[in-house]
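The values are calculated or read from the model by the stated rules, or taken from the named source; none is laboratory data. Since this is a predicted model, take the numbers as computed values, not measurements. Cβ placement follows ideal geometry from the backbone for every residue including glycine, while neighbour counts extend to all protein chains displayed.
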Amino acid sequence: MLIDRNIDFDISGTSRSKIQFSDKTIESYLFDSSNFDPEIENKLKNVTHILISTPPEVEQVIIKNYLTTLKNNKNLQWVGYLSSTSVYGDHKGGWIGIALISKLKKIVKGFVGIASAPDFTKEIMWKNFSKKTKSMIKSGKTYYMPSSYGNPYPISKKLIFDRSKYLVLNKKIKCNFPVRLFHGLKDTVVDSNFSIRLTKTLLSNDTIITFQKNGDHSLSQTEDLKKIKNQLTNLIKDSC
């Protein structure tokens, strides 16, 4: 965690296990999909800025337990969603971010998508699975899809068919905030056409797609990160 000591903030964070920071100005609360500190809700009642980086399976926990609290918080100025391969894997966060737009549209100040692949369970997985794999999943068995990020992804019937209720590429979502999309032209995981299609879903008068000529799916090269940082910094400055 990097903290600018010139900014006067009280900082609280969550983790899957209780952390005791040496810096007493930082508070830690237990939070996972089945066990969380009840004090979190009290904190959210008056918080001004929130950065979310939870994995996909936790999104409904957040919405179920805290959406009303966040909507009633008159002090809330900014909510950011961080989708990172270091947090939970590739290309899933964009879809969750889009879902949050519909839930928190009035307080969203901007959307940044990095190699976003909304509807990936349909567009990337199901459409490309063999008949044998589809039959396996339909029968209730789990298919372990190979991953370039390490352990294979367990693909269940519930994942494929429950997610169909949340498809977004067939929708039109009006956005009264900037949309910034980044995609590497050497991305072999998610085709860059996804970002183009996304502009037809997220309808904003201020949309920019940046295609990185030598960028791969992670967009983790120095030049890639510099461009992303500049856009993100500008969005945050303009929203505060």
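Table for the structure above
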{"read-out": "Single unsatisfied condition, Asp206 versus (1) loosely packed, with under 14 Cβ neighbours inside 10 Å; (2) modelled with pLDDT under 90; (3) at negative phi", "value": "(2)"}
{"read-out": "Any hit, the stretch 171-194, residues being under 21 Å from Asp224 (Cα atoms), of a type in the set (Val, Ile, Thr), more than 18 Å from the chain's Cα centre (by Cα) and at pLDDT below 95", "value": "yes"}
{"read-out": "So Met145, is it touching a strand residue (DSSP E or B) at 6+ places or on another chain (Cβ under 7 Å) and in a helix (DSSP H, G or I)", "value": "no"}
{"read-out": "Qualifying residue in the stretch 220-234 (condition: more than 18 Å from the chain's Cα centre (by Cα), assigned by TED's automatic domain parsing to the domain that holds Ile101 and in contact (Cβ under 8 Å) with a residue 24 or more places away in the chain)", "value": "yes"}
{"read-out": "Selection status of Lys132, assigned by TED's automatic domain parsing to the domain that holds Asp224 and assigned to a helix (DSSP H, G or I)", "value": "no"}
{"read-out": "Qualifying residues in the stretch 185-201 (those that are polar (S, T, N, Q) and part of a loop (DSSP other than H, G, I, E, B)) - the one nearest to Ala115 (Cα to Cα)", "value": "Ser192"}
{"read-out": "Cross-chain or 6+ apart pairs with Cβ under 6 Å, the stretch 93-113 first and over 15 Å from Ile62 (Cβ atoms) and assigned to a strand (DSSP E or B), then at pLDDT 75 or above and of a type in the set (A, V, I, L, M)", "value": "Phe111/Val179; Val112/Leu232; Gly113/Leu181"}
{"read-out": "Some residue of the stretch 200-209 being out of contact with any strand residue (DSSP E or B) (no Cβ under 9 Å at 6 or more places or on another chain) and within 20 Å of Thr121 (Cβ to Cβ)", "value": "yes"}
